[in-house]
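Data block below; observations after.
The values are calculated or read from the model by the stated rules, or taken from the named source; none is laboratory data. In this text, all values refer to a predicted model and were calculated from it rather than measured experimentally. Neighbour counts are summed over all protein chains in view; Cβ atoms, including those assigned to glycine, are modelled from backbone coordinates with ideal geometry. Side chains are part of the model used for accessible areas, which takes the heavy atoms of the whole protein and leaves out ligands, DNA and RNA. Shrake-Rupley method; radii C 1.70, N 1.55, O 1.52, S 1.80 Å.
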Amino acid sequence: MIKSMTGYGKAETILETGKITVEVRSLNGKTADISLKTSMLPKDKEMAVRQKIAAALTRGNIDFFITYEPNAADSAKKINMELAMEYYEQIFELGRKIQAKNDSRIGAENLWTQNPNELLAMIVRMPEVMDAKKQEVITEENWPIVDACIDEALANINAFRSQEGEVLYKDVTEKVANILEYSAQVEAFEKERVEAIREKILSRFAELKADPDQSRLEQEMIFYIEKLDINEEKVRLRQHCRYFLDTIAGEDCPGKKLGFIAQEMGREINTTGSKANHTEIQKIVVKMKDELEKIKEQSLNIL
């Protein structure tokens with residue numbers, strides 16, 4: 001059964017320090033365009049993960065996410081004491097220099113004496129003084145757990161793609177069946193169309209009050225009607241439709257091939273329309289074109 005290129009998969013796993021969540025999203029694309037939208041993945045694992053994603057999903061515009069939710073104890077912030085003291089010493093030195101110039105504004109010593117809490121509040125707001133504990137979340141030791149979580153997320157997105165594929169299969173095969181039905185309806189107007197063409201030619205001669213050689217006229221009329229014959233187009237269209245149905249039912253990743261077959265179907269439908277010379281047949285051709293456009297649109301999302 002075919003698969004859609006649109007899908008979403010998610011998996012979670014618990015490490016000693018917190019929870020890892022892996023998410024994979026995909027849309028239709030000509031190749032496997034993979035974006036690793038995470039800074040948590042170790043550099044030495046990136047290539048292997050890309051290869052794993054490409055092997056599992058084949059093609060599409062694919063976004064890969066890893067997020068981390070630390071345990072409560074590990075998420076607590078701490079003061080960078082060394083950095084805070086550096087800020088304090090620089091502020092204190094600045095205060096001395098201001099007072100040395102007999103500046104009337106308050107110096108750091110007075111600020112500390114009069115309102116120490118204000119100075120402390122200012123220091124802890126300095127960049128990187130208050131930081132969450134920084135540690136390497138994904139390590140060699142826990143990598144097998146994370147790797148298994150990635151596999152689970154890819155399995156989930158493939159299951160999603162398969163479900164979408166069932167819907168696509170039903171939709172496009174019904175539309176191909178509609179085109180075959182419309183093609184059969186054309187035959188009901190074939191005899192009427194030929195007679196209408198003959199009558200149109202003869203009425204034109206009558207308007208001109210011309211008296212052509214009847215034998216030559218019949219030959220030319222037969223030649224003209226043969227040029228407008230659409231039997232070959234109908235035969236080729238039916239062949240293309242059957243080939244489309246065989247391909248979608250018999251191949252795992254037929255998306256690109258189905259697009260090429262749909263193009264060939266379009267050529268036969270367009271030629272039928274250009275040769276029609278009949279109002280009802282033209283209406284049927286419009287219906288076939290409408291169904292084909294929907295098939296082409298849906299085929300772009302088939303893996």
>> With a 1.4 Å probe and all protein chains left in place, how much of the accessible area of the range 35-95 comes from carbon and sulfur atoms, in whole percent?
In response: 54
>> I'd like to check one number: the per residue accessible area of the range 232-303, probe 1.4 Å, reported in Å² as a whole number.
In response: 51
>> With the crude spin-label approximation of a point 7 Å out along Cα→Cβ, what separation in nm comes out for Glu199 versus Asp33?
In response: 5.6
>> Keeping all protein chains in place and using 1.4 angstrom, which order do Ser274, Ser4 fall into by accessible surface area, from largest down?
In response: Ser274, Ser4
> Counting only the heavy atoms of the protein chains, how much of Cys253 is accessible to a 1.4 Å probe, in Å² to the nearest 10?
Replying inline: 70
> Among the listed pairs Lys52/Lys257; Lys175/Lys287; Lys200/Lys275; Lys52/Lys296; Lys234/Lys287; Lys30/Lys256, which are separated by more than 18 Å between their Cα atoms?
Replying inline: Lys52/Lys257; Lys52/Lys296
> By how many nm would the segment from Thr271 to Gln239 lengthen if fully extended, with 0.36 nm per residue of separation less the alpha-carbon distance?
Replying inline: 10.0 nm
> Gain in length, Thr279 to Lys170, computed as 0.36 nm per residue apart minus the alpha-carbon separation, to one decimal in nm?
Replying inline: 36.1 nm
> Given R₀ = 30 Å, FRET efficiency for Ala54-Glu293 by Cβ-Cβ distance, to 0.05?
Replying inline: 0.45
>> Keeping all protein chains in place and using 1.4 angstrom, which order do Ile98, Ile230 fall into by accessible surface area, from largest down?
In response: Ile98, Ile230
> Accessible area, 1.4 Å probe, largest first: how do Leu154, Leu120 sort?
Replying inline: Leu120, Leu154
> Ala210 to Lys257: FRET efficiency via 1/(1 + (r/R0)^6), r the Cβ-Cβ distance, R0 41 Å, to the nearest 0.05?
Replying inline: 0.15
> When the label point is put 7 Å from the Cα of Glu141 along its Cα-to-beta-carbon vector, which residues of the range 2-24 have a backbone N closer than 15 Å?
Replying inline: 15-18
